[in-house]
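The values are calculated or read from the model by the stated rules, or taken from the named source; none is laboratory data. Keep in mind that what you see is a predicted model, and the values were worked out from it rather than measured. Cβ placement follows ideal geometry from the backbone for every residue including glycine, while neighbour counts extend to all protein chains displayed.
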Amino acid sequence: MRVELDANATLPLAPELKARLEEVYQVWGNPSSLHRAGQIARTALEEARERLAALCGWSVEGVIWTSGATEAINLFLQGIARATLRAEGRRVRLAATRVEHPAVLRTLEALERMEQAELAWVRVDAHGRIDLNHLEEVLQVGSLDWLVLQAANSEVGTLQPLEQAAALARQQGVRVFSDAAQWLLKRDPLELPSHVDAWVVSAHKAGGPRGVGALLIHPQISLDPLMFGGTQEEGLRPGTAYLEGILLTGEMAVHLPRWMHAAHARWASLKSGMEQQITERLEGVQILAAGSERLPNTTALLIPGIQGVRLAMALDVEGVAVSAGTACSSVHAAPSETLLAMGYSREDARCMIRLSMRPEITPEEVDFALEVLERVIRRFRHPRS
């Protein structure tokens, strides 16, 4: 048996979408062309945009297709910095937390190095949730432009109090941008809260194709593009669209509510039992952020004394795939920035693994994974026994 417990990194293309592959590739025209094939492609692309907008409860005019969440994050953060510098001759002022995805953190740090942004860092608590009292202090001290706050943490699964944080930001005239790459499929309702001004979503995290994401932004917000060329995507993302992937993403949006309800029912019946077994059977293993609201499929474990990367590799040999952090950084043995922000030592922050369940996981797979996890941890702790 082989058990995949790394769903937060990616999901395979859903069977319903695989069945549409041949049909999707029949739409071969360039959406920017004026002839019949081009206009058929344009109509199909816009229908996919409408489907994603409807799924997220967003204005269709504010859906910008990208190659994924990382590009959408860069398009927004760099775009808003450039637009602020061009229009007002100053750096954009941003507040964020240290538990953001590396795509956000590295972009923010780059903007600060290039003197295009001024950053204020907001503390998080021991569960990785933003400290609302500290946020209020940060908002009152500086005249900020944007609060950058993820919807859910991909490593430990913590859900952020977006509604409360956005309300505090609005009181000070500060807009909110949120990385929602882990939102689709895992959050109910799927519709994104209207009090956030810009979002990032990713298709492959929810059973859609790799290579497709979107920036959802209110049309009146001004961004400068990162690339130049054609006028596609309101001039913000020039170049010929990855039409096949976009059409599959539109199809994903149609099926996603049904997939979500089935997945949540399965996760609810398995996750609590799995975590109870972990607590009872794996001495000294800590379930991270256990006291907070988390993604329904995500369990992060701290195993003191065993590096997460080494443990993940050993589990893989035994037939269980897990992550030692975000998919973008898990190949390195560096400490988790999320755990450091949560107050853990650098040594402990290297000792985390993440179990994230696929929608179709079975009780038998969970039992097998726990048996392997228990056996491998015992082997690390008692190598000569």
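For region 236-271, which positions are modelled with pLDDT of 95 or more and of a type in the set (Ser, Thr, Tyr)? 242, 249 - these are the residues of region 236-271 that are modelled with pLDDT of 95 or more and of a type in the set (Ser, Thr, Tyr).
When only residues in region 152-193 that are in contact with a Pro (Cβ under 9 Å, 6 or more places away or on another chain) and surrounded by 17 or more Cβ atoms within 10 Å (Cβ to Cβ) count, which is nearest to residue 119 (Cα to Cα)? Taking the candidates together, the pick is 178. Which of the numbered conditions does residue 200 fail, given that it passes all the others? Conditions: (1) assigned to a strand (DSSP E or B); (2) over 21 Å from the mean Cα position of the chain (by Cα). Here residue 200 meets the rest and fails (2).
Looking only at residues in region 33-53 that are surrounded by fewer than 16 Cβ atoms within 10 Å (Cβ to Cβ) and of a type outside the set (Asp, Glu), the one that is nearest to residue 219 (Cα to Cα) is 43.
Applying the selection to region 122-141, what residues are among the hydrophobic types (A, V, I, L, M, F, W, C) and surrounded by 17 or more Cβ atoms within 10 Å (Cβ to Cβ)? Working first, answer last.
Here is the first cut: in region 122-141, the residues among the hydrophobic types (A, V, I, L, M, F, W, C) are 122, 124, 126, 130, 132, 135, 138-139, 141.
Matches in region 122-141: 122, 124, 130, 135, 138, 139.
Against the conditions (1) farther than 24 Å from residue 339 by Cβ; (2) touching a residue at least 40 places away in the same chain (Cβ under 8 Å); (3) not in a helix (DSSP H, G or I); (4) not hydrophobic (A, V, I, L, M, F, W, C), residue 74 satisfies every one except (3).
For (1) in contact with a Cys (Cβ under 8 Å, 6 or more places away or on another chain); (2) over 22 Å from residue 254 (Cβ atoms); (3) at pLDDT 95 or above; (4) hydrophobic (A, V, I, L, M, F, W, C), each residue gets a yes or a no:
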| residue | (1), (2), (3), (4) |
| --- | --- |
| 15 | no, no, yes, no |
| 18 | no, no, yes, no |
| 39 | no, yes, yes, no |
| 43 | no, no, yes, no |
| 57 | no, no, no, no |
| 64 | no, no, yes, yes |
| 81 | no, yes, yes, yes |
| 90 | no, yes, yes, no |
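The set of residues in region 127-156 that are in contact (Cβ under 8 Å) with a residue 40 or more places away in the chain and over 23 Å from residue 73 (Cβ atoms) comprises 127, 143.
Go over the candidates 41, 48 one by one and state the one that is more than 30 Å from residue 194 (Cβ to Cβ), touching a helix residue (DSSP H, G or I) at 6+ places or on another chain (Cβ under 8 Å) and in a helix (DSSP H, G or I).
Details: 48 fails: more than 30 Å from residue 194 (Cβ to Cβ).
The unique qualifying residue is 41.
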